[in-house]
Amino acid sequence: GKTRNSFVFGVGDPNADLMLVGEAPGKEEDLKGEPFVGRSGKLLDNILRAINKKRGEGVYIANVLKCRPPNNRDPIPSEVKKCEPYLLRQIKIIKPKLIVALGKVAGQTLVKKDLLIKEMRNKVHDYNSIPLIITYHPAALLRNPSLKLDSWKDFQYIRDFIKS
Ligand code: URA
């Protein structure tokens, strides 16, 4: 918190059936006070559009950490411990039908295991009695576009899951 500009709480529909959870705010998010507003966020908005969803309508977006780690380093366990109660409370209030963790760090935090993304994908996990799916972080798709097909399959599953 000492090095942040903004406390990046979350954004979206308080009655969302879909809740997306990323890792931590980056530079742009820290400046704006809103999650996923940089390059990754633009891609995320496009992915949401492809499943007929929109930021703020049926979707809530948050991160595990509410403050930007210095130089975007990975969150450290003490930071996760401090921030997780906020996330738990957000989930309790919103009561989404499905939580989607974006990327390895968010996935590992929510499943509480040091697994690889390929070990966490394609499975419905449980997070405090709410179904949880783990897929790639949009930044990974920007770095490695060959992951986009698998990501699209995940989001088609997500679309159908919240419809059913
Ligand atoms: N990456 C994240 O995990 N969260 C953001 O809000 C932005 C980038």
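For the stretch 13-25, a residue qualifies if it is open to solvent by less than 30 Å² (accessible area, probe 1.4 Å) and either over 17 Å from residue 138 (Cα atoms) or touching a helix residue (DSSP H, G or I) at 6+ places or on another chain (Cβ under 7 Å) (or both), and the qualifying residues are 16, 18, 19, 21, 22. Looking only at the stretch 51-73, residues that are among the small types (Gly, Ala, Ser) and open to solvent by 50 Å² or more (accessible area, probe 1.4 Å) come to 0 in all. The residue that is farthest from the ligand (Cβ to nearest atom), among those in the stretch 35-52 that are in a loop (DSSP other than H, G, I, E, B) and under 24 Å from residue 130 (Cα atoms), is 52. Checking each residue in the stretch 106-150 for being open to solvent by less than 20 Å² (accessible area, probe 1.4 Å) and more than 24 Å from residue 87 (Cα to Cα) picks out only 141.
Modelled with pLDDT of 95 or more, basic (Lys, Arg) and surrounded by 18 or more Cβ atoms within 10 Å (Cβ to Cβ) - does that describe any residue in the stretch 88-102? Checked the stretch 88-102: no residue is modelled with pLDDT of 95 or more, basic (Lys, Arg) and surrounded by 18 or more Cβ atoms within 10 Å (Cβ to Cβ). From 1, 12, grab the single residue that is out of contact with any strand residue (DSSP E or B) (no Cβ under 9 Å at 6 or more places or on another chain), farther than 26 Å from residue 144 by Cβ and either within 14 Å of the ligand (Cβ to nearest atom) or in contact (Cβ under 8 Å) with a residue 60 or more places away in the chain (or both). Just one listed residue meets the conditions, 1.
Being among the polar types (S, T, N, Q), part of a helix (DSSP H, G or I) and closer than 18 Å to residue 53 by Cβ is true of residue 156.
The values are calculated or read from the model by the stated rules, or taken from the named source; none is laboratory data. Everything numeric in this text was worked out from a predicted model, so none of it was measured. A quick note on method: Cβ atoms are made from the backbone with ideal geometry, for glycine too, and the neighbour counts reach across all protein chains shown. Surface accessibility is based on the protein's heavy atoms, side chains included, excluding ligands, DNA and RNA. Shrake-Rupley method; radii C 1.70, N 1.55, O 1.52, S 1.80 Å.
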